[in-house]
1. Among the residues of region 261-276, which ones are under 24 Å from residue 342 (Cβ atoms) and out of contact with any strand residue (DSSP E or B) (no Cβ under 6 Å at 6 or more places or on another chain)?
2. Taking region 125-160 only, how many residues are within 23 Å of residue 204 (Cα to Cα), modelled with pLDDT under 90 and outside any helix (DSSP H, G or I)?
3. From 295, 338, which residue is in contact (Cβ under 8 Å) with a residue 24 or more places away in the chain, touching a helix residue (DSSP H, G or I) at 6+ places or on another chain (Cβ under 7 Å), crowded, with 18+ Cβ neighbours inside 10 Å and within 30 Å of residue 264 (Cα to Cα)?
4. Looking at region 1-18, which of the residues that are within 35 Å of the chain's Cα centre (by Cα) and assigned to a strand (DSSP E or B) is surrounded by the most Cβ atoms within 10 Å (Cβ to Cβ)?
5. Residues being surrounded by fewer than 16 Cβ atoms within 10 Å (Cβ to Cβ) and out of contact with any helix residue (DSSP H, G or I) (no Cβ under 9 Å at 6 or more places or on another chain): count how many of those fall in region 19-49.
6. Condition first: at pLDDT below 90 and either surrounded by 15 or more Cβ atoms within 10 Å (Cβ to Cβ) or outside the structural domain of residue 471 (by TED's automatic domain parsing) (or both). Now tell me which residues in region 385-395 satisfy that.
7. Considering only residues that are farther than 15 Å from residue 444 by Cβ, surrounded by fewer than 24 Cβ atoms within 10 Å (Cβ to Cβ) and touching a residue at least 40 places away in the same chain (Cβ under 8 Å), which ones fall in region 455-475?
8. If I go through region 178-193 residue by residue, how many of them are over 16 Å from residue 150 (Cβ atoms) and under 21 Å from the mean Cα position of the chain (by Cα)?
């Protein structure tokens, strides 16, 4: 749809674009990203014919840009500029109607019924019909941006060029605008090229991304390739991290601030306990990965609550019941990892491990009454399901990668099964060796400070310490449980 071959351009003798070659496909959204001064706006102006080239060639639908008349080009390309201000005393509707000018026919350039229909549709789609008769200069920056988008859509272009289209828009209208553009791409085979400063908007909505750096194409391709942490850190000269979006296959990029001077050690974590609650409190948030009822998955938290409940506890909506429980006791559910256990908290096993490059604090509550063999659990009937008893908390003073978090959970789970086997804990239904209990929970919590740890598998230094600590903590908890039961 658009091709550029060895394009050079600049201002007053200063070269801005350096031999840029690119190809933009029909019916897709292509994002142009890059730091300030990388040439994004200059490239956009070259593509729409408003800035001269010092060399190279631009083709629109296979035809040289300079071979189009202004009216012909306006029937193919619509442009939404970076700044939406108007120096003319036009109403909103009059501004949108300007988008139909290339299609007006006759000596008086009168609008047809179809032109009116297109204008109305564009205004409705962009949500500006409510102030159609207002002067555009009376509107906010975000409202003006939507008016100019309506004008561009009213042109019914084949190609839409947008320079920072989300500029001045709040989050709601940013999403509505980008959703609208994607619908038009699908329904009208519209080709969209947009300069975007928000890397995550680009990642979520663009089919292709062109990354500019110092007037050259640094990289181009699909978002999953371009949203590369090392590549973007090099171009933007700042610390970034990449994560996966929780509900769409799009990477998310987050800036990483310099770490504060606060000392972050697990020695500063305080433990308070009663018959009902075991609470670990940290003066700073820890990054966590857990299977907990409250705060499951990846999260940051500074409060860790292990709650004792009766073995017959059953509530349809346990998640909300637990949230209410926490709030009634002045715990913030958004800053808390919360587990339940039928085990007695006073039976808990606690192990502390200090190594050269990391420290560990491990706590476990465990009883054996509701033990389950995971390999044989399929034969259990629904009425056999009861609340579990093994909860494991692992606090790590180190900086873990995401894969290290996952490997730490695997290592801890394997060590748990080994501890149960060593203590000859059987599944009371299947009479086979138990691997856990019915609803076990596990939390890995890291200070994300100190030594960088890539892996935590069973053979790594951290994995060995986790395996040893979990094995010992669960062993302590089982022995305490059995001693207490023997006295009953």
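1. 273, 274, 275
2. 1
3. Working: 295 fails: touching a helix residue (DSSP H, G or I) at 6+ places or on another chain (Cβ under 7 Å).
Residue meeting the stated conditions: 338.
4. Keep residues of region 1-18 that are within 35 Å of the chain's Cα centre (by Cα), which gives 1-4, 16-18.
Subsequent filtering for residues that are assigned to a strand (DSSP E or B) retains 2-4, 16-18.
On the way: 2: 20, 3: 15, 4: 22, 16: 21, 17: 25, 18: 15.
Residue satisfying both the conditions and the ranking: 17.
5. Residues in region 19-49 being surrounded by fewer than 16 Cβ atoms within 10 Å (Cβ to Cβ) and out of contact with any helix residue (DSSP H, G or I) (no Cβ under 9 Å at 6 or more places or on another chain): 7 in total.
6. Scanning region 385-395 gives 386, 387, 388, 389.
7. Within region 455-475, the subset farther than 15 Å from residue 444 by Cβ is 459, 461, 464, 468, 471-472, 474-475.
Filter once more, keeping what is surrounded by fewer than 24 Cβ atoms within 10 Å (Cβ to Cβ): 459, 461, 464, 468, 471-472, 475.
Residues satisfying the conditions are 461, 468, 471, 472, 475.
8. Within region 178-193, residues that are over 16 Å from residue 150 (Cβ atoms) and under 21 Å from the mean Cα position of the chain (by Cα) number 1.
The values are calculated or read from the model by the stated rules, or taken from the named source; none is laboratory data. All of these numbers come straight from a predicted model, not from anything done at the bench. For neighbour counting, all protein chains shown are included, and Cβ atoms are generated from backbone atoms with ideal geometry for every residue, glycine included.
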